[in-house]
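Quick notes on the structure that follows.
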Amino acid sequence: MGNEGGSMNSEKTWFQEPLRLMRDKLLPKLPGPVKKQVEGEINRLEDIFLDYRSPRFAIVGRRGSGKSTFINGVFQSPVADIGSVKAQTGRGQWHSFHKTDDDTAAMDILDTRGLGEGTTPEELTDEKNSLSEGKNSLKTKCPDVFLFFVKAKEVDARIKEDIKQLQELRSFVEEVHSYIPPVIGVVTQVDELDPIYDTDPPFEKEKHQNINYAVSHLEEKLQDEIDGVIQVLPVCAYMAFKENEIVYDRRWNMEEVLHYLLNHLPGSTWLQWAKITQAQAIQKSIAKSIGKSASTINGGFGAQPIPIADMPIITGVQISMITSIAYISGRDLNRKSIMEFIGALGVNVGAAYAFRQAARSLSKVAFPGIGHVVSGTVASIATWSLCKAAIAYFIDRQTAEQAKKIFENTKNDEESPLDSH
Ligand SMILES: Nc1nc2c(ncn2[C@@H]2O[C@H](COP(=O)(O)OP(=O)(O)O)[C@@H](O)[C@H]2O)c(=O)[nH]1
Ligand SMILES: [Mg+2]
């Protein structure tokens, strides 16, 4: 990668400048209600790109309920130990799991030990201690979501103690952090339900009926003890690995669960969640959300003409948006390849790049010849078209030609900000 390629690793730099310029230079010029809306979107993007952190899940579930298997299924890699004695160490403490080759792609797990799983008196005392240990950990970090794991075959078992523990821990979080995390029930190991010969997804009708039964059964039990709307999702997370390679994949409904979780995670955790899961549905959701914010910001000027001097900021937001979509797609990219994409769309890369450079030091740049103006509506439509083209190209891996078609179909007849000069 050449010098002009630039580093893709510093997420902070992509949006930092254009957002700061938007806030400092353009926001004060906007009329009241629009100003509020644009400011809200700037805040959203700042959450995602400047305040990013790992998602945090507190899991309540018995030994063997499939927690470690689920974590491996999320990463599609054996990051957690399965079923062994070693796998039980570290419970009750926050633990950060990350991709083997990238410790910035991480999720934090608090595996609280199930109250109901103990049998011997020693284990019961031990579990009393572990509950307070779990609370100590919850004090240090607030979970985004509580996950309650139950084996499909055990939704009929006595799980009342476990649900009570869940409720107790959740109330504790509310007390210390003034935040009530959502509870999501996960019915695991659905492949083990009858009929047992039907082991491989997408499963036959009879299996689906039994899965639905298990889900509604757990829903009822949770609803009896937990306040608020409770969602229960079935999953099979089973994968087998040999020397870190996937040799068997029996996962079912996994991507749906991960996508569902995205909606319960704060924006500040989205980049990491996308990187970890590599799920297309998640990448697209986030990309669209970023595109909507960027379009609203760029369109915040409504009918007002945008002076040429402000256009580098608009272009800066667009380029940051494209860069972030490329990043989310998981492709190994540098600034040059972003410019290649923009070039493929048929817009003037030279101008775009110059604008980007200019945006860096806007206050110092004197623009020659004012006269070009663009309306906020056009800026907004152009930004949204670019978002859709970037999703097609980077996430759906369509050709540059297909991306160009998408770009042109949504593009207005008037000049887009990227076209000028
Ligand atoms: N058939 C099947 N087995 C599973 C599934 N998930 C976990 N297991 C098995 O259940 C056992 C316990 O799983 P583990 O993830 O270690 O549970 P944990 O104690 O909650 O972390 C292991 O032998 C796993 O291989 C699944 O979806 N299907
Ligand atoms: Mg485990």
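A short reminder: the numbers here are calculations on the coordinates, not readings from a lab. What you see is a predicted model, and the numbers here were worked out from it, not measured in a lab. Using ideal geometry, Cβ is built from the backbone for each residue, glycine included, and neighbour counts are taken over all protein chains shown.
Tabulated data
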read-out	value
Amide hydrogen neighbours beyond the local backbone of residue 99, cut-off 5 Å, H modeled	105
Flagged links, alpha-carbon separation over 21 Å, of 141/221; 284/404; 292/388; 67/135; 25/388; 99/288	141/221; 25/388; 99/288
Sequence-distant residues sharing a close amide H with residue 233 (under 5 Å, placed H)	185, 186, 187
Calculated from backbone phi, Karplus (6.51, -1.76, 1.60) coupling profile of the stretch 15-21 in Hz, x at Gly/Pro	9, 4, 5, x, 5, 5, 5
Gain on full stretching of the segment that runs from residue 47 to residue 178 - 0.36 nm per residue minus C-alpha separation	45.2 nm
³J(HN,Hα) computed for each position of the stretch 76-83 - Karplus, 6.51 cos²θ - 1.76 cosθ + 1.60, integer Hz, glycine/proline x	6, 6, x, 8, 10, 6, 9, x
Rounded FRET efficiency, nearest 0.05, which uses the C-beta distance separating residue 24 from residue 220 and R0 of 51 Å	0.40
Cα Rg, Dmax, the stretch 56-264, angstrom units	16.6, 48
Nonlocal amide H pairs with residue 111, under 5 Å, H built at 1.01 Å	59, 92, 93, 95
Packing-based ranking, highest mean first, of 149-155, 378-384, 259-265 given that Cβ atoms within 10 Å are counted	378-384, 149-155, 259-265
Paired Rg and Dmax values of the stretch 14-75, which use every Cα atom, in angstrom	19.8, 59
Charge context of residue 170, other residues only, Cβ under 12 angstrom, K/R +1, D/E -1	-3
Linear extension gain, residue 205 paired with residue 410, 0.36 nm per residue minus alpha-carbon span	69.6 nm
Computed E for residue 16/residue 244 - FRET, C-beta separation, R0 41 angstrom, nearest 0.05	0.70
Percent breakdown of C-alpha pair distances by 5 Å bin, ordered from the shortest bin, for the stretch 222-300	3, 12, 16, 17, 17, 14, 10, 6, 4, 1, 0
Relative contact order (%) - criterion: Cα under 8 Å, at least six apart; region: the stretch 191-293	16
Packing rank of 396-402, 77-83, where each peptide gets the mean count of other beta carbons within 10 Å, highest leading	77-83, 396-402
